[in-house]
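This report concerns only the one structure given below.
Quick note: the coordinates plus some simple rules give every number you see, no bench work behind them. Small disclaimer: the values here were computed from a predicted structure and weren't measured. Backbone-built Cβ (ideal geometry, glycine too); neighbour counts: all protein chains shown.
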Ligand code: DGI
Ligand code: FE
Ligand code: FE
């Protein structure tokens with residue numbers, strides 16, 4: 001599947017705003033893949049489909065998690081997390097993408113996970129720093145992303161966890177575990 005065909009497949013599932021965001025993620029992922037030596041074609045396809053399930057019915061996704069997915073713990077941490085693992089499932093079963101590396105990059109794009117592959121890191125960070133995003137602290141993350149992939153992800157995770165905590169929202173344990181793993185790795189270097 002080339003980029004044009006992939007975009008045609010995702011377009012009906014997204015709003016204009018989310019489609020523009022997706023184009024931004026593709027651009028950011030392409031640059032990051034080049035810089036940090038990830039598979040560029042996979043980074044692009046994963047980016048195209050990363051928010052495929054963003055507007056799916058929440059109850060349908062909860063049912064899918066309960067019945068078909070391995071990690072049910074996301075059900076306890078807010079509906080925003082559903083679109084990542086459910087997206088991976090729909091992209092495999094509806095779009096027909098079978099590449100597990102691409103599917104995992106979609107699966108973990110919201111929460112991260114400890115010991116992410118470079119491809120997973122690239123998509124995670126691209127989603128955060130794509131050119132259409134504007135919020136406090138993002139310029140710092142963009143600057144760090146010029147030279148240090150892990151450090152940029154640590155910074156992004158800190159921002160996200162701060163944001164959630166300020167709103168008295170739950171923080172998914174795997175998100176904290178991702179932060180801990182990356183901090184630990186940095187210490188050992
Ligand atoms: O889908 P996007 O908006 O492009 O970005 P995303 O997939 O990173 O989703 C962002 C949303 O996910 C935002 O509302 C915050 C939420 N989120 C991210 N990490 C966590 C989280 N929510 C909970 N409860 N716990 C997390 O660790
Ligand atoms: Fe998302
Ligand atoms: Fe996104």
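For segment 94-189, the spread of Cα positions along the three principal axes, ordered from largest to smallest, is 38, 32, 28 Å. For the chain, the relative contact order works out to 22 percent when only alpha carbon pairs closer than 8 Å and six or more residues apart are counted.
Here the gap between residue 58 and residue 80, fully extended at 0.36 nm per residue and compared with their Cα-Cα distance, gives a gain of 7.0 nm.
Full extension of the chain between residue 40 and residue 183 yields a length gain of 48.8 nm, computed as 0.36 nm times the residue separation minus the alpha carbon distance. Sorting the segments 21-28, 94-101, 168-175 by their mean number of nearby beta carbons within 10 angstrom, highest to lowest, gives 21-28, 168-175, 94-101.
For the chain, a Kirkwood radius taken over Cα pairs fed into Stokes-Einstein (25 °C, viscosity 0.890 mPa s) yields D = 148 µm²/s. Applying 1/(1 + (r/R0)^6) with r as the Cβ-Cβ distance of residue 117 and residue 161 and R0 = 22 angstrom yields a FRET efficiency of 0.50.
Modelled this way, with points 7 Å down the Cα-to-C-beta line, the labels at residue 23 and residue 168 are 4.1 nm from one another. Please compute, over every Cα-Cα pair in segment 39-83, the percentage with a separation greater than 12 angstrom. Percentage above 12 Å: 65.
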